[in-house]
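Remarks on the structure that follows.
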Amino acid sequence: MNLTSINRSALMLLLLASSASTTDAWMMPSIQRVATTANTNTALSAIRKAGFGCSDAKSIDAAISESIALAKKEMASSNGGSGDDDITMAFISCAATQDVASIQKGFASRLPGVPMHGITSSGGILTKQKGLQENAVGCLLLSADAGDFVTSFDAEDAKRAVQQLEEKGSVFATEDSSTPYQAIFMSATPGMEEGVIDAIEDAFPGIPIYGGTAADNDLSGKWMVFGSGPDACGGTGISLVGISSNVELGASMIGPYTPTERTVTATKTEGRRVHELNGQPAADWVYNEWLGDEVKEAYENGGLILGQTAQRPIAFEVCVQNQEGKLGLRGRLRKLLSGRKKSTTPAAQPEYVTAHLAALGGPDEKFVDFFTPIPEGSELTIMDSGNGPSTGYTSALVNAYDVAASAMGSAKTPKAGILVYCGGMAIAVGDQLNDGLMSTLYQDRLKTMPMMGMTCFGEQTCLPQSKTNVQRNLSVGMVLFG
């Protein structure tokens with residue numbers, strides 16, 4: 001996909017649609033990555049069988065049938081017996097170029113009664129077998145106990161989707177806990193993520209949230225989210241998966257960046273739009289003091305600069321402390337994270353909120369737009385991607401797996417996984433994407449484990465220190481099931 005050909009009006013709508021927070025748990029000055037982890041308790045392994053299948057057949061029916069057949073074949077080989085029955089969860093993804101409504105109906109008819117969670121992926125499906133499979137359909141099928149994976153879907157209302165998940169989960173709640181879920185996996189469409197996180201937190205306080213935002217190839221709004229029920233598919237859909245405490249779970253989000261010495265203060269902001277940086281028009285600062293001629297056309301006429309900034313995020317700290325160990329002003333999320341916990345450990349490492357700078361407003365309105373809200377008064381840091389783009393972010397992929405696997409404990413073996421890879425990063429690295437996906441280091445981690453990868457326009461995670469659920473950009477993460 002060509003980053004310069006993206007539909008600008010569609011982008012502006014999604015940039016302004018959200019009013020909450022978007023964040024990243026990022027690097028240390030020592031270049032050690034800080035990643036989000038979800039560590040389950042002493043639960044017994046719940047996944048009996050798992051299998052992944054992917055097809056780029058031109059016929060939708062053929063692609064669905066082939067992907068299911070391949071997944072069932074892998075399920076049968078993973079634990080003996082047959083893969084034809086006992087499927088209790090289906091994670092599905094497809095390229096946005098596909099007829100998504102037909103794909104949803106096709107999977108629902110072939111997997112009757114099976115809970116489903118699906119989104120469109122930018123470009124195609126990420127696989128360990130072939131790397132990026134363009135214009136493809138993929139599915140990760142799991143066999144577990146009833147209630148280990150509970151799904152809900154609503155075409156536009158996050159609160160209704162959450163209410164469904166509450167009602168379904170109440171059947172499996174115990175005397176020890178009012179909710180059967182140890183974590184929730186979510187998907188929404190661009191601009192809706194923060195509202196979904198807020199709705200989940202209202203109903204399930206303290207529960208970690210992970211997920212990926214639906215994407216398309218050109219930001220024209222072809223993204224879709226889908227679920228299990230009749231016509232459970234839409235461009236403003238919300239799909240949620242409650243994950244039982246019986247499931248061994250490990251999760252990560254890795255930021256392949258390190259902070260530089262260059263900083264600037266956001267002196268006037270409005271959600272995702274920044275009007276002033278260091279007291280001057282924001283676009284002036286971006287052009288005159290940072291990117292220069294790289295963004296000259298957008299500076300003079302207004303427009304997107306996604307390609308120029310995909311490898312250079314701007315970040316601010318979620319929480320910093322002064323010498324007395326008290327929270328300092330710099331990095332406060334103000335109302336954006338109102339009521340959410342913040343790290344109070346004096347030795348805690350910084351947690352960064354990294355934002356993708358998306359567009360410049362032009363000569364008459366010299367604002368800049370991000371894919372995340374920027375708190376007024378926060379100090380922003382320019383981040384550096386190092387050799388990540390030239391290697392397809394191999395190290396980030398490896399670290400994403402290692403951190404998620406370590407959260408499960410050394411005695412646990414992951415039986416299936418979902419890879420969430422930022423769509424902007426995937427587009428920016430181009431042909432090097434497969435260098436990372438097919439690298440020996442990454443393949444040695446996966447071995448025979450079924451894995452489905454999606455390229456997303458937003459990534460959700462729970463920050464490890466502040467225990468804050470956030471929407472973030474430009475990151476790579478994995479969710480592993482055991």
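The values are calculated or read from the model by the stated rules, or taken from the named source; none is laboratory data. None of the values given here were measured: they were computed from a predicted structure. Using ideal geometry, Cβ is built from the backbone for each residue, glycine included, and neighbour counts are taken over all protein chains shown. Heavy atoms of the whole protein, side chains included, go into the accessibility calculation; ligands, DNA and RNA do not. Shrake-Rupley method; radii C 1.70, N 1.55, O 1.52, S 1.80 Å.
How do 306-317, 228-239 rank on mean C-beta neighbours within 10 Å, highest first? All intermediate terms of the calculation are to be shown ahead of the outcome.
Working: 306-317: 23.3, 228-239: 19.8.
Per-residue mean Cβ counts within 10 Å order the peptides as 306-317, 228-239.
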*Looking at the square roots a ≥ b ≥ c of the eigenvalues of the Cα gyration tensor of the stretch 190-291, which shape do they give, rounded for a/c under 1.5, prolate if a/b is larger than b/c, or oblate?*
prolate
*Measure off 7 Å from each Cα along the Cα-to-Cβ vector at T263 and E294, then give the distance between these two points in nanometres to one decimal.*
2.2 nm
*Of all DSSP beta bridges located in the stretch 52-204, what percent are antiparallel, nearest 5?*
70 percent
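On alpha-carbon atoms, Rg over Rh for the stretch 106-230 using Kirkwood Rh?
Working: Rg = 15.6 Å, Rh = 16.0 Å.
Value, to two decimals: 0.98.
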_Highest to lowest packing among 152-160, 388-396, scored as the average C-beta count within 10 Å_ = 388-396, 152-160
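Using a Förster distance of 41 angstrom, determine the FRET efficiency expected from the C-beta separation of S77 and A173, and round it to 0.05. All intermediate terms of the calculation are to be shown ahead of the outcome.
Numbers: r = 35 Å, r/R0 = 0.86.
The calculated FRET efficiency here is 0.70.
How would E194, E289, E74 rank on accessible area, largest to smallest, probe 1.4 Å? Could you put the intermediate results ahead of the total?
Values: E194 5, E289 90, E74 35 Å².
Final ranking, largest accessible area leading: E289, E74, E194.
Among 107-114, 434-441, what's the highest-first ranking by average C-beta atoms within 10 angstrom per residue? Kindly include the intermediate steps, with their values, before the conclusion.
Numbers: 107-114: 15.1, 434-441: 17.4.
Ranked from most to least packed, the peptides come out as 434-441, 107-114.
Pull out a ≥ b ≥ c, the square roots of the eigenvalues of the alpha-carbon gyration tensor of the stretch 181-225, then state rounded if a/c is under 1.5, prolate if not and a/b is larger than b/c, and oblate in the remaining case.
On the way: a/c = 4.02, a/b = 2.37, b/c = 1.70.
Note, shape of the stretch 181-225 comes out prolate.
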*Would you calculate the separation in nanometres between label points at K130 and S390, each defined as 7 Å from the Cα along the Cα-to-beta-carbon direction?*
3.0 nm
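How high is the FRET efficiency between K467 and S410 when r is their beta carbon distance and R₀ equals 25 Å, given to the nearest 0.05?
The calculated FRET efficiency here is 0.60.
Beyond a 23 Å Cα-Cα separation, which of these cross-linked pairs lie in this structure: K58/K128; K72/K222; K73/K222; K159/K415; K58/K130?
Values: K58/K128 21 Å; K72/K222 30 Å; K73/K222 32 Å; K159/K415 32 Å; K58/K130 17 Å.
The pairs that break the limit, which is 23 Å between Cα atoms, are K72/K222; K73/K222; K159/K415.
Percent of Cα-Cα pairs more than 21 Å apart in the stretch 360-437, please. Let's see the in-between values first.
Details: 1594 of 3003 pairs.
Considering the stretch 360-437, 53 percent of its Cα-Cα pairs are separated by more than 21 Å.
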*For A358, which sequence-distant residues (separation of 5 or more, or a different chain) have an amide H within less than 5 Å of its own amide H, given hydrogens modelled in the peptide plane?*
D369, F370, F371
